[in-house]
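Peer 1: First the structure, which I've put down as structure tokens, then a few questions once you've had a look.
Derivation of every value follows stated rules applied to the coordinates shown; laboratory data play no part. These numbers come from a predicted model, not from an experiment. Positions of Cβ are backbone-derived with ideal geometry, glycine not excepted, and every protein chain shown enters the neighbour counts.
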Amino acid sequence: MDRTVEAQFAPRLAGRIGLERTLALVARLRELGILVALAVIVVVVGVQAPRFLSVSNFEQILLSVSLIAIVAVGQTSVVLTRNVDLSVGSVVGLVAFVTGDLLKEHVLGVPGAILAGCALGLGLGALNGLIITVGRVPAIVATLGTLYVYRGLDFLIAGGKQVSAIDLPNSYLRIASSSVIGIPTLIVFAAVTAAIAAYLLRYSGTGRELYAIGSNPTAAELVGIPAQRLVFGAFVICGLLAGVAGVLWGSRFGTVNAFAAGGLELQVIAAVVVGGVNIFGGSGTVLGAVLGAALLGTIENALRILHLSQFWLQAIDGAVILLAVGTDAAIRSYFQRILMRTGRR
Amino acid sequence: MITQLSALRTRVLARWETLLVLLLIVFIWLGSSLSPYFLSGSNFSDLTSNLMEKAIMALPLALIIIAGEIDLSVESMLGLASALLGLTYAIGWSLWLGIPLVLAVGALGGLLNGLLVTWARLPSLVVTLGTLALFRGLASVVLGPQSVSGWPAAFTNFGFGDVPGTLIPWPFVVFAVLAGAFTFVLHRTWIGRQLYAIGKNKEAARYAGIRVARAKTLLFVLSGVLSALAGVVLTARFSSARADNGQGFVLDVVTAVLLGGVNIFGGEGTIVGVVLAVFVIGVLRNGLTLADVSPDTQSVAVGALLIISVAGPTAVRRIRSAWSNRRLTQAADSS
């Protein structure tokens, strides 16, 4: 009896493992695909506008990609657990304004204001996490609410004021503009953040548990993974990284008003899904998300260099989200069908 | 047994709607203590006409959420419709041509959402997040940063005029007709019962012979058409077509539906509740406006209301089940 059951299920089990492997391979291919797309854009746009290939333009691209990438790393950890954080744009904006305002009004010194900004981001992320895990509100509703609550607080605090670069101490502005061995600090910072997150998600126990929660929440609970606590943690990390990005946002742009980083959440989610992070949770890498951010940032820059309408940008973000999740679904169902057939045989 | 259950359910639902009526009364009382102008008929007329686009979009969204999906793209479809109507009018088209075209585009956009959800089997959350960006982006491609004005008097009169001799705004008439139709279809016909069945258990509904995919696709098409209609109404009311019309409306529309007692997981909700919730939000925003709070800051209150409207009932349900569990164990112990 046992043997027949085993005989029945063994091929299917093998198919399952095969599916996981194939999908891992497809993910690898995804990263390769983004690199190819990047190369094509660089060559095509470079031929038409040599200015695109200059070192300073390259640096500009990397600077804006860095900010998105830092937020995208946090978003990845949330999406892996089959959740989503729509409030990140508002967190970046609120933190950028509060940090700038603290410095402008000389409430805190530069290190203090930076810490306060990061702590604020962490607190906002923790509030999201609490509403979702303790309040049992689905992440989409909770973070749609806080998207507007945080943005509204930003308007309440700013009240029409804005922080300008002249109000800010040089040491704060220099964080984004200075460079370490010739590379702008902002870029180094984003790279280090991404590298640490990539390592932790791939090799640490907690990182693997985040994947487990996303691929099967019930099973994760059954094997004793503290799912609620880890989901809470993912939102805290996401808030913290959005806070860090907010601090850097103010440093990079100097001018911050209540509208800062509005709509950023769509760019971040686009980067994450283009990078192959599965919106159903359970699979995807930080490298992919960062490459996704790089691809979108390069497209944005190319449009500007080619003097194409900026109005296309948001439409492209939207189309790219649909295309990415559509492709994922198509690939997945294709392989599943093949494996079902081999499993039956 | 079944009649008992349904009687119980009606009572619970009635209780939710009673709660909304009470909330409405409290907000009206608070508003009237803020400003003597608040309780005037013209203020209520303004308040109502300010709400109508959101109210029109909340109706199909209620059905979509009851059927277990979501549509976040409604505000962008409103913007796209407004921009397209502006473009066609600016190049000399008659509104008799422009409005049907815009509604058709709404249907197409909704069809795109619906097919991606049912045929490509993608989660509606991500699909409509994508089209939220896509439609808004297309709107700004169509019209850029400019606005189109100089609309015919009949059109703008429809937008901010009242039914002659009354304080009832014309857009409210449109909404009232739609709300009546939605109430009838959802609560009195097999179509409504099918939607509840789909939301309660999609697989069971499919095995019961309900064409789930077709129903959902049609709901998204309906949502697209009515969002486009809301775009036409808003354009008439502002007598201005702009690509960024209706930005941020998604908060109020989703809040209206969930505060109205529609279960975010599908299968439950009434149109009466949604209509009441629309007015709760309207009175809240109107009161805050009279208290000199800017619309962006008002969103703090509406966002909090959204979260509470989902977290509250969940908490009550959990406390209740904990209670009845305890009673059961006590009964078991004593016997």
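Peer 1: Show which lysines lie in cross-link reach of B:K200 when reach means a straight Cα distance below 19 angstrom and same-chain residues fewer than eight apart are skipped.
Peer 2: Cross-link targets: B:K216.
Peer 1: Separate question: So what is log10(I(q)/I(0)) for the stretch B:16-294 at q = 0.12, 0.13, 0.14 1/Å, when the Debye sum runs over its Cα atoms only?
Peer 2: Log10 I(q)/I(0), no solvent term: -0.74, -0.87, -1.00.
Peer 1: Something else about it: Using a Cα-Cα cut-off of under 28 Å, which lysines could be cross-linked to A:K104, ignoring same-chain neighbours fewer than 8 residues away?
Peer 2: The qualifying lysines are A:K161.
Peer 1: Using the number of other C-beta atoms within 10 angstrom as an exposure proxy, rank B:M77, A:M340 with the fewest first.
Peer 2: A:M340, B:M77
Peer 1: Using Cα atoms only, what is the angle between the long axis of helix A:264-274 and the major principal axis of chain A, expressed in degrees (0 to 90) to the nearest 10?
Peer 2: Between the helix axis and the principal axis of chain A, the angle is about 30 degrees.
Peer 1: For the stretch A:301-345 and the stretch B:21-59, what is the separation of their C-alpha centers, rounded to whole Å?
Peer 2: Centre-to-centre distance over Cα atoms comes out at 44 Å.
Peer 1: Shifting gears a bit: Got a sec? How would B:E53, B:E17, B:E203 order by Cβ neighbour count within 10 Å, fewest to most?
Peer 2: Neighbour counts put them in this order, fewest first: B:E203, B:E17, B:E53.
Peer 1: Which Rg and Dmax, in Å, describe the Cα atoms of the protein assembly as shown?
Peer 2: Radius of gyration, then largest Cα-Cα span, for the protein assembly as shown: 26.0, 87 Å.
Peer 1: Sort chain A into rounded, prolate or oblate with this rule: let a ≥ b ≥ c be the square roots of the eigenvalues of the Cα gyration tensor; rounded if a/c is under 1.5, and if a/c is not under 1.5, prolate when a/b is larger than b/c, oblate otherwise. Please list the in-between numbers first.
Peer 2: Working: a/c = 2.29, a/b = 1.46, b/c = 1.57.
Oblate is the answer for chain A, as a/c is 1.5 or above yet b/c matches or exceeds a/b.
Peer 1: In terms of the Cα gyration tensor, with a ≥ b ≥ c the square roots of its eigenvalues, is the stretch A:39-186 rounded because a/c is under 1.5, prolate because a/b exceeds b/c, or oblate? Show your work: numbers first, answer last.
Peer 2: Working: a/c = 2.24, a/b = 1.26, b/c = 1.77.
In terms of gyration-tensor shape, oblate.
Peer 1: Counting partner chain Cβ atoms within 10 Å of every residue's Cβ in B:288-299, what's the average? Write down the numbers at each step before the final one.
Peer 2: Working: counts 0, 0, 0, 0, 0, 3, 6, 2, 10, 10, 4, 10.
Whole-number average of other-chain Cβ neighbours for B:288-299 is 4.
Peer 1: Per residue of A:325-331, how many C-beta atoms from partner chains lie within 10 Å of its own C-beta, taken as a mean? Intermediate values should be presented prior to the final figure.
Peer 2: On the way: counts 8, 6, 0, 1, 5, 2, 0.
Neighbouring Cβ atoms belonging to other protein chains average 3 per residue here.
Peer 1: Taking the stretch A:188-315 on its own, what percent of its Cα-Cα pair distances exceed 22 Å?
Peer 2: 46 percent
Peer 1: Aspartates and glutamates near B:K202 by alpha-carbon distance under 20 Å, same-chain residues fewer than 8 away left out - which ones?
Peer 2: Hits, sequence-local ones excluded: B:E69, B:D71, B:E268.
Peer 1: Given a Förster radius of 56 Å and the C-beta distance between A:S204 and B:L108 as r, what FRET efficiency does 1/(1 + (r/R0)^6) yield to the nearest 0.05?
Peer 2: 0.75
Peer 1: Another question, if that's okay. What chymotrypsin sites (Phe, Trp or Tyr not before Pro) in the stretch A:203-262 are in a loop by DSSP, with at most 16 other Cβ atoms within 10 Å of the Cβ?
Peer 2: A:F259
Peer 1: While we're here: Quickly rank B:132-141, B:118-127 as a protection proxy: mean count of other C-beta atoms within 10 Å, highest first.
Peer 2: B:132-141, B:118-127
Peer 1: Report the net charge of residues surrounding A:V92, where surrounding means a beta-carbon distance below 14 angstrom and charges are Lys +1, Arg +1, Asp -1, Glu -1.
Peer 2: Spelling it out: positives minus negatives among the neighbours equals -1.
Peer 1: Then there's this: Would you mind ranking A:V55, B:V253 so that the residue whose beta carbon has the fewest other beta carbons within 10 Å leads the list?
Peer 2: The order, fewest Cβ neighbours first, is A:V55, B:V253.
Peer 1: Could you tell me how many degrees, from 0 to 90 and to the nearest 10, lie between the Cα long axis of helix B:74-90 and the main elongation axis, the longest principal axis, of the Cα atoms of chain B?
Peer 2: Compared with the principal axis, the helix lies near 20 degrees.
Peer 1: Enter the angle in degrees (range 0 to 90, nearest 10) between the Cα long axis of helix B:249-259 and the first principal axis of the Cα atoms of chain B, meaning the one along which they spread out most.
Peer 2: Helix B:249-259 and the main axis of chain B meet at about 30 degrees.
Peer 1: Tell me the label-point distance for the pair B:Q146, B:V26, using the 7 Å Cα-to-Cβ offset, in nm and rounded to one decimal.
Peer 2: With each label placed 7 Å out from Cα toward Cβ, I get 5.0 nm.
Peer 1: Per residue of B:258-267, what is the mean number of Cβ atoms on other protein chains within 10 angstrom of that residue's Cβ?
Peer 2: For peptide B:258-267, the averaged partner shielding equals 1.
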